[in-house]
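Working notes, structure below.
What follows draws every value from the coordinates through simple rules; no lab data is involved. Note that the coordinates shown come from a computational prediction; the quantities given were computed from them, not determined experimentally. Here the Cβ is made from the backbone with ideal geometry for all residues, glycine too, and neighbour counts use every protein chain on show.
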Amino acid sequence: MAKEAAATWNGFTLAEKQPYYNEGEVLKEQYGEKLHDYWKTASPKTVRKINAHRKHDGRNKIHRPHQEN
């Protein structure tokens, strides 16, 4: 099935693919906004726990955005 889907997708012109690219960009922006809102409200305990796992995996820490007054 995946091969058939890939063949169909590769057969599309750029104009035919554009609506899917546009939808993907909109969804990506919505996800970014929701993620930003989550990190604003995440408890410090949760952030410490996540960062401990990230440190163990060799990844960078996550920093909470500053709270708006």
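Here is how the numbers come out for the structure above:
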item: Under Karplus coefficients 6.51, -1.76 and 1.60, residue-wise ³J(HN,Hα) of the stretch 17-29 in Hz, glycine/proline x; result: 7, 4, x, 5, 5, 4, 4, x, 5, 4, 5, 5, 5
item: Those chymotrypsin sites (Phe, Trp or Tyr not before Pro) in the chain that DSSP places in a loop and that have at most 15 other beta carbons within 10 Å; result: F12
item: Estimated 222 nm signal from helices in the chain, with DSSP H stretches of n ≥ 4 weighted -39500 (n - 2.57), rounded to 500; result: -25000 deg cm²/dmol
item: The chain: GluC sites (Glu not before Pro) falling in loop per DSSP and having at most 16 other Cβ within 10 Å; result: E68
item: Nearest 10 degrees, 0 to 90: helix 2-11 Cα axis against the chain principal axis; result: 70 degrees
